[in-house]
Amino acid sequence: MEAVLTVAPDPEDRWKPRPVIVTRAQDMAGCRGMRMGYAPLVALMEEVAARGLKKVALIGIPCQVYAVRALEEEFRLDKLYVIGTPCSDNTTTENFHTFLALLDEAPETISYLEFRADFRVELRFDDGRKKLIPFLSLPISKLPRDFFPLTCRTCVDYTNALSDLTVGYMAGEGDQWLIVRNERGEELVALLGDELVASPPGSSGKRAPHVAAFITNVERAAGGLPLRSMPNWVRPLVSFLQPRIGPKGLEFARTRLEMKAAETVIHLRREQPGKIKNMVPAHVWRLLEAYGLRPAEGEQKEPG
Ligand SMILES: Cc1cc2nc3c(=O)[nH]c(=O)nc-3n(C[C@H](O)[C@H](O)[C@H](O)COP(=O)(O)OP(=O)(O)OC[C@H]3O[C@@H](n4cnc5c(N)ncnc54)[C@H](O)[C@@H]3O)c2cc1C
């Protein structure tokens, strides 16, 4: 590639994503890490054109990739490679700082945060320490209701379907999960040669009870009722059991996809019912059939 468009930490605030055009391989490592925040990445295409760059890769979350695909022809590039990450939710960097402050007494020393497929969040600190927090111990109830915007709560492209290659953790069990979607994705993977050690993803556990319980909770919360939370004394036990007997590998990825699909319908019904027929595609309804969530009258486009 001549350039990679991605986001780097802002020099003033390492959690703020700053769109960058990377032209030296050694500068890619500085872009690593998940940072919550909105980054106008696609706007950099104007600079790409001004600099005459023609063979470009872009690493982005689904909403950025949608925009880039919609405008792709206008960019007149010779080659565009799109590497996408899955993304369940994003928020403002300001909100993310509030979240970090609830996780540790010295949030300014947190250098890395990642949600993991073993039902835990991993934190790393400047002094090299690591901390794992079970999802059930996260201070979710202390976050404001609008912590995640409606656009994220109702996004139906969790797995970044328009990318050439999706890289995420969801169906991995500690390692990354790759979805090679087309020939360009294959080209990218081939570039890694022997550096990539790949094996088919595993799958175990049963998602249905987890998704059903999640749906009940989201419906209660969306209806303004308190979350049906488990007693504090049960939490450590469930946190211990979840990574051991909960869904793993592909089954974990399916669990999250179905949860996200349900969230979309529940939040749209509550906040923007008129948009359902245009925003919820047929495959999302199919994912929800097993949980009794079916389109009501007017919630699907008329055929033809
Ligand atoms: C807001 C957000 C939510 C995510 N949710 C999920 C999820 O639910 N499930 C899942 O499997 N994966 C999710 N991911 C992807 C995950 O965090 C990892 O990026 C992915 O597993 C790839 O790992 P890696 O070690 O190769 O990434 P790294 O080497 O750390 O690379 C991460 C890439 O993401 C870019 N990036 C970081 N923050 C942003 C941002 N705000 N906007 C755009 N690009 C950004 C970085 O610049 C870098 O290029 C999410 C990422 C983001 C940014």
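The values are calculated or read from the model by the stated rules, or taken from the named source; none is laboratory data. Just so it is clear, the structure is predicted and the values come from calculations on it, not from any experiment. Cβ atoms come from the backbone with ideal geometry, glycine included; neighbour counts cover every protein chain shown. Note: areas computed on protein heavy atoms with side chains; ligands, DNA, RNA excluded. Shrake-Rupley method; radii C 1.70, N 1.55, O 1.52, S 1.80 Å.
Points worth noting:
- G168 satisfies every condition listed in (1) small (G, A, S); (2) within 14 Å of the ligand (Cβ to nearest atom); (3) more than 23 Å from L287 (Cβ to Cβ) except (3).
- Any hit, the range 72-89, residues being of a type in the set (D, E, K, R), open to solvent by less than 50 Å² (accessible area, probe 1.4 Å) and either under 12 Å from the mean Cα position of the chain (by Cα) or farther than 14 Å from I21 by Cα (or both): yes
- Contact map, the range 41-56: residues that are more than 24 Å from K16 (Cβ to Cβ) paired with residues that are loosely packed, with under 13 Cβ neighbours inside 10 Å and among the basic types (K, R), Cβ distance under 7 Å, separation 6+ or inter-chain. Pairs shown: K55/K79.
- Selection of the range 113-138 for residues being away from the ligand (no atom under 13 Å from the Cβ) and assigned to a strand (DSSP E or B) yields R120, L123, F125, K130, K131, L132, I133, P134.
- Residue that is surrounded by the fewest Cβ atoms within 10 Å (Cβ to Cβ) [pool: residues in the range 236-270 that are out of contact with any helix residue (DSSP H, G or I) (no Cβ under 6 Å at 6 or more places or on another chain) and within 17 Å of E289 (Cβ to Cβ)]: R269
- Among residues of the range 15-37 that are under 17 Å from M1 (Cβ atoms), those with a Cβ under 6 angstrom from a residue that is of a type in the set (G, A, S) and near the ligand (Cβ under 6 Å from one of its atoms), sequence gap 6+ or separate chain, pair up as P19/A39.
- Subset tally (residues that are in contact (Cβ under 8 Å) with a residue 24 or more places away in the chain, crowded, with 17+ Cβ neighbours inside 10 Å and over 30 Å from G274 (Cα atoms)) for the range 142-188: 13
- Residue in the range 24-56 that is most open to solvent (accessible area, probe 1.4 Å), counting only those that are within 15 Å of the ligand (Cβ to nearest atom) and in contact with an Asp or Glu (Cβ under 7 Å, 6 or more places away or on another chain): M34
For (1) at pLDDT 95 or above; (2) within 18 Å of M34 (Cα to Cα), each residue gets a yes or a no:
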residue: A70; (1), (2): yes, no
residue: E74; (1), (2): no, no
residue: L80; (1), (2): yes, no
residue: T93; (1), (2): yes, yes
residue: F125; (1), (2): yes, yes
residue: G128; (1), (2): yes, yes
residue: T154; (1), (2): yes, no
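- Hey, L287 away from the ligand (no atom under 14 Å from the Cβ), under 27 Å from D175 (Cα atoms), touching a helix residue (DSSP H, G or I) at 6+ places or on another chain (Cβ under 9 Å) and open to solvent by 50 Å² or more (accessible area, probe 1.4 Å) or not: yes
- Output for the range 85-112, where each listed residue is touching a residue at least 24 places away in the same chain (Cβ under 8 Å), more than 9 Å from the ligand (Cβ to nearest atom) and of a type in the set (G, A, S): S111
- If you go through the range 157-202 and keep only what is basic (K, R) and assigned to a loop (DSSP other than H, G, I, E, B), you end up with just R181.
- Residue in the range 103-141 that is most open to solvent (accessible area, probe 1.4 Å), counting only those that are in contact with an Asp or Glu (Cβ under 7 Å, 6 or more places away or on another chain) and among the basic types (K, R): K130
- Helices (runs of 4 or more DSSP H) contained entirely in the range 1-105, each with at least 3 residues that are under 21 Å from E122 (Cβ atoms) and in contact with a Pro (Cβ under 8 Å, 6 or more places away or on another chain): 93-103
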